[in-house]
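Down below is the structure, laid out as structure tokens.
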There are 2 protein chains.
Amino acid sequence: MEKSIFYHAGCSVCVSAEQDIVNLIGADQVEVVHIGEDRNRIAEAEAAGVNSVPALLTPNGHVLHINYGASMADVKG
Amino acid sequence: MEKSIFYHAGCSVCVSAEQDIVNLIGADQVEVVHIGEDRNRIAEAEAAGVNSVPALLTPNGHVLHINYGASMADVKG
């Protein structure tokens, strides 16, 4: 199975959700991407359908928006 | 590890998220509760901090609200 991708922006909501997702899915099954720092991956996240962070992109291309930390507009600043 | 609990109300957003979560976590690691039908578990979900469905209650007591299907007020009708 391909990995899921967890997009976040370093906010407290993001960090808490990241820990939960890593615990549930397993660290080896999820790539964690900080799009506040790794800004050249913002376009990729938006193209995948990520509207806010934290969000989990599943291997089958679904986006799970988990709780609510910040909008993509906030991330882009 | 204790199981997670996935609360939903049968909506299309819920069903899609349920399939994703079961695929990611494993069916044996998550109890699926339809609080639209199993209404005597609504109070339990609210006490755990569930504000909308679908939502995943992790074994450590965190609530992950995943996308947005319906508010608890909608579920209670």
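The values are calculated or read from the model by the stated rules, or taken from the named source; none is laboratory data. Quantities reported herein were computed from a predicted structural model and do not represent experimental measurements. Heads up, the Cβs are rebuilt from the backbone with ideal geometry, glycines too, and the neighbour counts pull from every protein chain shown.
Listing for the model above:
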{"read-out": "Checklist (1) among the charged types (D, E, K, R); (2) over 19 Å from residue B:56 (Cα atoms); (3) within 13 Å of another protein chain (Cβ to nearest Cβ) applied to residue A:18, failing item", "value": "(2)"}
{"read-out": "Qualifying residues in region A:1-15 (those that are hydrophobic (A, V, I, L, M, F, W, C) and more than 13 Å from chain B (Cβ to nearest Cβ)) - the one surrounded by the fewest Cβ atoms within 10 Å (Cβ to Cβ)", "value": "A:11"}
{"read-out": "Filter pass, residue A:60 being closer than 23 Å to residue B:60 by Cα, surrounded by fewer than 17 Cβ atoms within 10 Å (Cβ to Cβ) and facing chain B (nearest Cβ under 9 Å)", "value": "no"}
{"read-out": "Residue B:52 more than 13 Å from every other protein chain (Cβ to nearest Cβ) and within 22 Å of residue A:53 (Cα to Cα)", "value": "no"}
{"read-out": "Residue check, residue B:44 more than 14 Å from every other protein chain (Cβ to nearest Cβ) and at pLDDT 95 or above", "value": "yes"}
{"read-out": "Strands (runs of 3 or more DSSP E) within chain B that include 1 or more residues within 15 Å of residue A:24 (Cβ to Cβ) and touching a residue at least 40 places away in the same chain (Cβ under 8 Å)", "value": "B:4-8, B:52-57, B:63-71"}
